[in-house]
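Okay, here's the structure, questions in a sec.
The values are calculated or read from the model by the stated rules, or taken from the named source; none is laboratory data. Because the structure is a prediction, the values reported are computed rather than measured. All Cβ positions, even for glycine, are placed from backbone atoms using ideal geometry, and neighbour counts span all protein chains on display. Heads up: the accessible areas ignore ligands, DNA and RNA and are worked out on the full protein's heavy atoms, side chains in. Shrake-Rupley method; radii C 1.70, N 1.55, O 1.52, S 1.80 Å.
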Amino acid sequence: GAGVSQSPRYKVAKRGQDVALRCDPISGHVSLFWYQQALGQGPEFLTYFQNEAQLDKSGLPSDRFFAERPEGSVSTLKIQRTQQEDSAVYLCASSLIGGVHEQYFGPGTRLTVT
Amino acid sequence: AQSVTQLGSHVSVSEGALVLLRCNYSSSVPPYLFWYVQYPNQGLQLLLKYTSAATLVKGINGFEAEFKKSETSFHLTKPSAHMSDAAEYFCAVSDNNQGGKLIFGQGTELSVKP
């Protein structure tokens, strides 16, 4: 069956541009997570949805970062006025329900801000 | 707050040798612990997880890990390394009260020499 997909896989943005990163979770998965992975580092939590409700956004690094999941399936992570420090791989994961159930990760979107 | 420390950013072993990747955690509540593997340009794949059942956990591809509360450790082992095991490995901790978000270590890159 289809896993978690993310698009685009690669994105180059000039500093100051806005970007939108898409995540298609596994069908029927209730929980959706976004993580940021800087080069040579482990992933860091950004935000978490249960269905369409954003229950935790404590990891979003600034108010330039915004995530939504309006219909409880596809999610979009938006970054406004990109900065060089935003360059990273953005990973999306979904799980059947919350708690400690397995999170299935997508391949990530590599964002490079020039 | 929860945290994870992975000792050794790079580990190199010969094919057929024992693999030992170290992970220590900090948690104020009973932790749930995970090991993920990441191949180049791919998302993370779950190897195994500890959720307070048996302290010795067996995972995929011949890996296993032992939860030792007294040592706050969850080291990953495999008796005999294979060339295909070369990848980045991440230890992660979670608690059920935070929706299941994962806190990752910095990662350990495993190289396997022929």
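Going out from 0 in 10 Å bins, what whole percent of all Cα-Cα distances in segment A:1-63 drops into each bin?
Binned Cα distances yield the sequence 17, 45, 34, 4.
Right, something else. If I take R0 = 22 Å and measure r between the Cβ atoms of B:His82 and B:Gln45 in this structure, what FRET efficiency does the formula 1/(1 + (r/R0)^6) give, to the nearest 0.05?
On the way: r = 16 Å, r/R0 = 0.71.
Using R0 = 22 Å, I get an efficiency of 0.90.
Using Cα-Cα distances under 8 Å and only pairs 6 or more residues apart, what relative contact order does chain A have, in percent?
Relative contact order, chain A: 37 percent.
Report in % the part of the accessible area of segment A:1-90 that belongs to carbon and sulfur, leaving out ligands and nucleic acids; probe 1.4 Å. Could you put the intermediate results ahead of the total?
Numbers: 2140 of 4680 Å².
For segment A:1-90, the apolar C and S fraction of the accessible surface comes to 46 percent.
Residues of A:28-41, mean number of Cβ from any other protein chain within 10 Å of their own Cβ, rounded to a whole number?
Across A:28-41, the average partner-chain Cβ count within 10 Å equals 2.
Further question on the same structure: Looking only at chain A, where both bridge partners belong to it, what percent of the DSSP beta bridges are antiparallel (to the nearest 5)?
On the way: 33 of 37 bridges.
Here the share of antiparallel DSSP bridges comes out near 90 percent.
Still on this structure: Please average, across the residues of B:31-43, the number of beta carbons from any other chain that are within 10 Å of each residue's own beta carbon, and give a whole number.
That works out to 3 on average.
Mind jotting down the three principal axis lengths of chain B based on Cα atoms? Whole angstrom, largest first.
Here the spans come out as 44, 29, 22 Å, largest first.
Further question on the same structure: What is the antiparallel percent of DSSP beta bridges lying wholly in chain B, to the nearest 5?
Bridges in chain B are about 90 percent antiparallel.
Among DSSP bridges having both ends in the protein assembly as shown, what percentage is antiparallel? Round to the nearest 5.
Bridges in the protein assembly as shown that DSSP calls antiparallel: roughly 90 percent.
Put one equal scatterer on each alpha carbon of the protein assembly as shown, apply the Debye formula with no solvent term, and list log10 I(q)/I(0) at q = 0.08, 0.14, 0.16, 0.18 1/Å to two decimals.
So the normalised log intensities work out to -0.29, -0.87, -1.11, -1.33.
So, one more: Using a 10 Å cut-off on Cβ to Cβ distances, tally the other chain neighbours for every residue of B:100-109 and report the average as a whole number.
Shielding by partners across B:100-109 averages 6.
Which value, in debye to the nearest 20, gives the size of the charge dipole of chain B about its Cα centre, when Lys and Arg are +1 and Asp and Glu are -1 at the Cβ?
160
So, one more: How many Å² of accessible area per residue for the protein assembly as shown, probe 1.4 Å? Intermediate results must be reported in sequence, preceding the final value.
Details: 10860 Å² over 228 residues.
Each residue of the protein assembly as shown exposes 48 Å² on average to a 1.4 Å probe.
Straight-line reach from B:Lys68: which lysines have Cα under 20 Å away, leaving out those fewer than 8 places along the same chain?
Those lysines meeting the cut-off are B:Lys49, B:Lys58, B:Lys78.
Using a Cα-Cα cut-off of under 19 Å, which lysines could be cross-linked to A:Lys78, ignoring same-chain neighbours fewer than 8 residues away?
A:Lys11, A:Lys14, A:Lys57
Which far-off residues, 5 or more places away or on another chain, put their amide H under 5 Å from the one on A:Thr47, with H placed in the peptide plane?
Excluding prolines and chain starts, which carry no amide H, the hits are A:Trp34.
Leaving out ligands, DNA and RNA, calculate the buried accessible area for the pair B and A with a 1.4 Å probe, summed over both sides, in Å² to the nearest 100.
It comes to approximately 1700 Å² buried between B and A.
Summarise the accessible area of chain B (1.4 Å probe, protein heavy atoms) by the percent that is carbon and sulfur. Mind dumping the intermediate values first?
Values: 2720 of 5370 Å².
Of the solvent-accessible surface of chain B, carbon and sulfur hold 51 percent.
Still on this structure: What is the diffusion coefficient of chain A in µm²/s, taking the Kirkwood radius over Cα pairs and the Stokes-Einstein relation at 10 °C with a viscosity of 1.306 mPa s?
114
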